[in-house]
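Below is one structure, written out as structure tokens, with a few remarks after it.
Computed from the coordinates by the stated procedures, all read-outs in this text should not be read as laboratory data. Being a predicted model, the structure only gives us computed values, none of them experimental. Using ideal geometry, Cβ is built from the backbone for each residue, glycine included, and neighbour counts are taken over all protein chains shown.
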Amino acid sequence: MLKENIKMIRKQKGLSQEELAIKLNVVRQTISKWEQGLSVPDSELLISLSEALDTPVSVLIGETISEEKTDSLEAISEKLEIINLQLAQKKENKRKIWHYFFVGVCILLILIMIGIIIMDNAYLEWNYNDPELAVMGVGVHSFVWIFVRLIPIFFIGSVVGICLTRKKK
């Protein structure tokens, strides 16, 4: 809502992100983050943005605000609080997805390692005179050889990922 409005109105006014950033005394990356929805302007910057784009704050936020509250700091703060809560929820959801991804990778690595241990190099006793079986045996041996050498790296990386994405109190 806010991010689309900033981008659309900026383009309608024929301004680049750089030009708008100069008007607001911020860096271009700040405008980019607003337009991508990665952050939101604080109430003072939102008022400056509305002045730079010659657009009411209520239009930027994307909702009509009752007349007595139009462009008041209280109304802007309420809207920004809602937007910040939405951004926090998105960030929390992304954290959960990554956390469960790393947990899944750890579980998968453990299960594959258990399978390799249970198999106990049984492929070495296969009849390698049969070309198809020989190719399969070489493939299994290659997989096991590479997997056993790389599992510590992936497992440690996944454990670090789990630690970094755990919920902080």
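Considering just Cα atoms, how many Å³ per residue does the convex hull of the chain enclose?
Values: hull volume 32.1 nm³, N = 169.
Considering the Cα atoms of the chain, their hull volume per residue is 190 Å³.
Dipole magnitude for the chain: about 400 debye, using +1 per Lys or Arg Cβ and -1 per Asp or Glu Cβ, origin at the Cα centre. Using Cβ point charges alone (K and R +1, D and E -1), the dipole size of the stretch 31-122 about the Cα centre works out to roughly 820 debye.
Placing unit charges on the Cβ atoms of the charged side chains and taking the dipole of the stretch 2-71 about its Cα centre, the candidate lying farthest along the positive direction among Val27, Ser43, Val57 is Val27.
Using the Kyte-Doolittle scale, which helices in the chain average at least 0.0 and also have C-alpha atoms spread 30 Å or more along the helix axis, with helices defined as whole DSSP H runs? If you can, show how the numbers build up before the last one.
Numbers: long enough: 73-119 (68 Å, 0.87); 131-165 (47 Å, 1.76).
Result, helices passing both filters: 73-119, 131-165.
What pairs in Lys33/Lys168; Lys3/Lys167; Lys23/Lys90; Lys33/Lys94; Lys96/Lys167; Lys96/Lys169 have C-alpha atoms more than 19 Å from each other?
Working: Lys33/Lys168 25 Å; Lys3/Lys167 28 Å; Lys23/Lys90 30 Å; Lys33/Lys94 17 Å; Lys96/Lys167 8 Å; Lys96/Lys169 14 Å.
The pairs that break the limit, which is 19 Å between Cα atoms, are Lys33/Lys168; Lys3/Lys167; Lys23/Lys90.
What the Cβ-Cβ distance of Arg95 and Ser39 gives, at R0 = 22 Å and to the nearest 0.05, is a FRET efficiency of 0.85. Ranking Phe155, Gly115, Phe102 by how far each Cα lies toward the positive end of the dipole of the stretch 92-165 (charges on Cβ) leaves Phe102 at the top. When only the Cβ of Lys, Arg, Asp and Glu is charged (+1, +1, -1, -1), the dipole of the stretch 2-71 relative to its Cα centre reaches about 400 debye.
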